[in-house]
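*Asks:* Attaching a single structure in C-alpha cells format; questions to follow.
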Amino acid sequence: MADLQWRAMFSVGLDEATSREMHVFAREAVAFSLKPNVSDFFPALAAADLQSVRRVFTRHLARVYQLIDQQIDQRSHDREAAGGGGARKDDLLDTMLDMEEHGKNDVDNSLVNINRDFIRSFLTDIFLAAIDTISSTVEWEMAELLQDQRIMTTLQQELKMVGSQLKMVLGSKTHVEYSDINQLPYLEAVVKETLRVHAVVPLVPNKAEATVEIQGYTIPKGSTVLVNLWAIHHDPEVWTEPDKFLPERFMQHEDINFQGADFRFIPFSAGRRICLGLPLATRMLHAMLGSLLHRFEWTLPLDGKENGVDMSEKLGLTMTMATPLQVIAKPR
C-alpha cells in the first residue's frame, strides 16, 4: 500500500526497506495519537514534552519530509529544464506544483496560497493516512470472506460471470480496475458491509466551531467532539442483525453510498467535511480485494479451520485486527 500510494503521488516506487520504515512510523503515529498527552491537560507543561511525543514525531517526520522534498526538488528541476511543458507525470505532485504556479500568477490573491510547506504537509498527511487504513480494511474483508464460504463463492462467481459476459472485462486481466466496479455490485456490497462492521476510524474527532446546546448539554466552542461511527453502524434500530456480516443488505439499498448523505452509513464523514482519502480508498478497496480474489484461491491454515479466525479488535486511531490474519494463497 505504501508503494502504491507513493507511485500515485510521485510516479516512482519505494524500495522495500523504505516502505517498511514508513509503515513503522504510520503505526507509531496511530498509537501515539490516542494516548492521553499531559500537555493537552496542562498547557504550561507542553514545552517540556514530558512524554516525548513531539520528539518522536519530529524524528520520524524529518525522514518523511526528506524523502518528499527530494521528489519535489527533482520534479521542479525537471520541469524547469523542460521549459515548463515537459517532464510531466500528471500525478498528484504535478497537480500540486500546477496549483503553486497558478497561485504565484494570481494578482487578485483569490486562490489559496499553495507553497512548499503546504505541499510537503499535504502529501505527508495523505501518504501516512493511506498506509494503515486501506491495508487494515482489506485484511478485515478477507477475514470475513474466509469465514463465510457462501459470500466468498458468490463474489468469485460474480467476478467470473462479469468476465465472460463482457468478453473478458476481467477474464484476460490480471487485476480488477476501478472502471470495472459498476459491473460488480456484490463486490461493492462487500466493501460497504466491511466498512459498516469494521469502521476504519471508529471514533471521529471534530471541533465545535461555536457554543451549542444538544439535548440539554452545552458544548463549548473549541471542544473536541468524538462521533462514535461504530455505534451508528451497529445500531439495532437501524440495522437488522447489526453484528452479522451480510453484504446483501446493501444490494437492497444500493442508494446508500460512501458520500455520507445517508446518516445510517457514514464511513468517511462525521460532519461537514468528508475524508480527503475517500476517492483513493474507494478505488483501492474495490480494486485490491477484487484482484486478490480474481488471481488466487484462499484458504485458512489448519489451525484457522479448526478454531476459526480471531476477529478481536485492536483500537488505535484505526481499528485493526488484534491477531494478524494468516491465510494460504494458491494462484488460480
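The values are calculated or read from the model by the stated rules, or taken from the named source; none is laboratory data. Since this is a predicted model, take the numbers as computed values, not measurements. Note: ideal-geometry Cβ built from the backbone for every residue, glycine included; neighbour counts use all protein chains shown.
*Asks:* Considering only residues that are of a type in the set (A, V, I, L, M, F, W, C) and surrounded by 12 or more Cβ atoms within 10 Å (Cβ to Cβ), which ones fall in segment 303-328?
*Replies:* Narrowing segment 303-328 to residues of a type in the set (A, V, I, L, M, F, W, C): 309, 311, 315, 317, 319, 321-322, 325, 327-328.
Matches in segment 303-328: 309, 311, 315, 317, 319, 321, 325, 327, 328.
*Asks:* Just one of (1) within 23 Å of residue 7 (Cβ to Cβ); (2) surrounded by fewer than 13 Cβ atoms within 10 Å (Cβ to Cβ); (3) of a type outside the set (Gly, Ala, Ser); (4) modelled with pLDDT under 85 trips up residue 59, so point out which.
*Replies:* Residue 59 satisfies all of (1) within 23 Å of residue 7 (Cβ to Cβ); (2) surrounded by fewer than 13 Cβ atoms within 10 Å (Cβ to Cβ); (3) of a type outside the set (Gly, Ala, Ser); (4) modelled with pLDDT under 85 except (1).
*Asks:* Before we move on, is residue 70 modelled with pLDDT of 90 or more and within 25 Å of residue 135 (Cα to Cα)?
*Replies:* Details: modelled with pLDDT of 90 or more: yes; within 25 Å of residue 135 (Cα to Cα): no.
Considered against the rule, which asks whether it is modelled with pLDDT of 90 or more and within 25 Å of residue 135 (Cα to Cα), residue 70 comes out as no.
*Asks:* Being in a helix (DSSP H, G or I) and surrounded by 15 or more Cβ atoms within 10 Å (Cβ to Cβ) is the filter here; which residues of segment 8-26 pass it?
*Replies:* First, pick out the residues of segment 8-26 that are in a helix (DSSP H, G or I): 8-10, 16-26.
Hits for segment 8-26 are 8, 9, 10, 18, 19, 21, 22, 23, 25, 26.
*Asks:* Kindly provide the set of residues from segment 127-163 that are within 22 Å of the chain's Cα centre (by Cα) and farther than 22 Å from residue 194 by Cα, ordered by number.
*Replies:* Of everything in segment 127-163, just one residue is within 22 Å of the chain's Cα centre (by Cα) and farther than 22 Å from residue 194 by Cα, namely 127.
One line per residue, one yes/no per condition, for (1) under 20 Å from the mean Cα position of the chain (by Cα); (2) at pLDDT 90 or above:
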{"position": "176", "(1), (2)": "yes, no"}
{"position": "183", "(1), (2)": "no, no"}
{"position": "193", "(1), (2)": "yes, yes"}
{"position": "196", "(1), (2)": "yes, yes"}
{"position": "209", "(1), (2)": "no, yes"}
{"position": "225", "(1), (2)": "no, no"}
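*Asks:* Kindly indicate whether any position in segment 256-278 is surrounded by 12 or more Cβ atoms within 10 Å (Cβ to Cβ) and under 20 Å from residue 150 (Cβ atoms).
*Replies:* No, because not a single residue in segment 256-278 is surrounded by 12 or more Cβ atoms within 10 Å (Cβ to Cβ) and under 20 Å from residue 150 (Cβ atoms).
*Asks:* Further, regarding this structure: Within segment 311-321, can you find the residues that are more than 11 Å from residue 136 (Cα to Cα) and among the aliphatic types (A, V, I, L, M)?
*Replies:* 311, 315, 317
*Asks:* Checking the structure you have, find out if any residue of segment 315-326 is among the small types (Gly, Ala, Ser), in contact with a Lys or Arg (Cβ under 7 Å, 6 or more places away or on another chain) and closer than 24 Å to residue 233 by Cβ. Spell out the reasoning first.
*Replies:* Of all residues in segment 315-326, those among the small types (Gly, Ala, Ser) come to 316, 322.
Within this subset, residues satisfying the condition of being in contact with a Lys or Arg (Cβ under 7 Å, 6 or more places away or on another chain) are 322.
With closer than 24 Å to residue 233 by Cβ added as a condition, the list becomes 322.
Yes, because at least one residue in segment 315-326 is among the small types (Gly, Ala, Ser), in contact with a Lys or Arg (Cβ under 7 Å, 6 or more places away or on another chain) and closer than 24 Å to residue 233 by Cβ.
*Asks:* Please indicate, with yes or no, whether at least one residue in segment 116-127 is modelled with pLDDT of 95 or more and small (Gly, Ala, Ser).
*Replies:* Within segment 116-127, none of the residues are modelled with pLDDT of 95 or more and small (Gly, Ala, Ser).
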